[in-house]
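Some notes on the structure that comes next.
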Amino acid sequence: MRAGRGSGGEKLPTPTHFSLWSEGFLASAELDVHFGGQRAFEYRTNLLEAALRPDVWLRGTGAFPVLEGPVYIEEASLVLPAGTLEVVSGLLTFRREAPLRPEAALRAEMRVQRHDVTAAITGPIDEPENVELSSSPPLPTDDLWMLVLTGQLPAGRGEDANAQAMEALAVFLARDAL
């Protein structure tokens, strides 16, 4: 079992499996169910909208089912204080060894203050191994993270933007809380 972090920083267990039927005759039932087709499953919150097209199999038994296969991200957008990050290509891959921890391969883009920003994310969805930001025109990595997360470049670019950046981030978090 893997551990995540709770709101207080404590480690919380991440489930490694689930059970549909833990006892009874359905617990030993062999599963072979395909979830797929051309229709997309839509997921919407105040910060994230996504259309996912699964092509996964539910296999194993009722007591120990596993998900296997790809889920294609048809479209997705994440609202950040700097703007909206649009997924231009995305794939989640469920593997038998970790059926509740899909591997992600995502590429997203946004435009912020005359910068075209690209984000590439790979690895397990709950703890990505690689998150890379790049931009055109190029910016140093730290400046790029500040730009994407707050919509402001760090101070030293001709203006004192620290207060503006923190204000933008505070307004974003308050709006999400409301």
Checklist entry - Mind checking which residues of the stretch 35-63 are assigned to a strand (DSSP E or B), more than 17 Å from A76 (Cβ to Cβ) and open to solvent by less than 80 Å² (accessible area, probe 1.4 Å)? => result V56, L58, R59, G60, T61
Checklist entry - Can you find a residue in the stretch 22-30 that is farther than 16 Å from A104 by Cβ, surrounded by 15 or more Cβ atoms within 10 Å (Cβ to Cβ) and in contact (Cβ under 8 Å) with a residue 24 or more places away in the chain? => result no
Checklist entry - Say we look at the stretch 69-121 and pick out the residues that are polar (S, T, N, Q) and within 20 Å of G36 (Cβ to Cβ); which of these is least open to solvent (accessible area, probe 1.4 Å)? => result T93
Item to check | Index of the failed condition, E127 passing every other in (1) assigned to a loop (DSSP other than H, G, I, E, B); (2) of a type in the set (D, E, K, R); (3) at pLDDT 95 or above | outcome: (3)
Checklist entry - Within the stretch 22-37, which residues are closer than 28 Å to R53 by Cβ and at pLDDT 85 or above? => result A29, E30, L31, D32, V33, H34, F35, G36
Next on the checklist: Would you confirm, using the coordinates I've provided, whether L144 is under 22 Å from G83 (Cα atoms), part of a helix (DSSP H, G or I), open to solvent by less than 50 Å² (accessible area, probe 1.4 Å) and touching a strand residue (DSSP E or B) at 6+ places or on another chain (Cβ under 6 Å)?
Outcome noted: yes
Checklist entry - Does G90 meet the test of being under 11 Å from the mean Cα position of the chain (by Cα), in a strand (DSSP E or B) and more than 18 Å from A51 (Cβ to Cβ)? => result no
Checklist entry - Is there a residue in the stretch 39-50 that is in contact with a strand residue (DSSP E or B) (Cβ under 9 Å, 6 or more places away or on another chain), of a type in the set (D, E, K, R) and free of Cβ contacts under 8 Å to residues at least 12 places away in the same chain? => result yes
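The values are calculated or read from the model by the stated rules, or taken from the named source; none is laboratory data. Predicted, not measured: the structure shown is a model, and the values here were computed from it. Neighbour counts are summed over all protein chains in view; Cβ atoms, including those assigned to glycine, are modelled from backbone coordinates with ideal geometry. All accessible areas refer to the heavy atoms of the entire protein, side chains included, with ligands and DNA or RNA removed. Shrake-Rupley method; radii C 1.70, N 1.55, O 1.52, S 1.80 Å.
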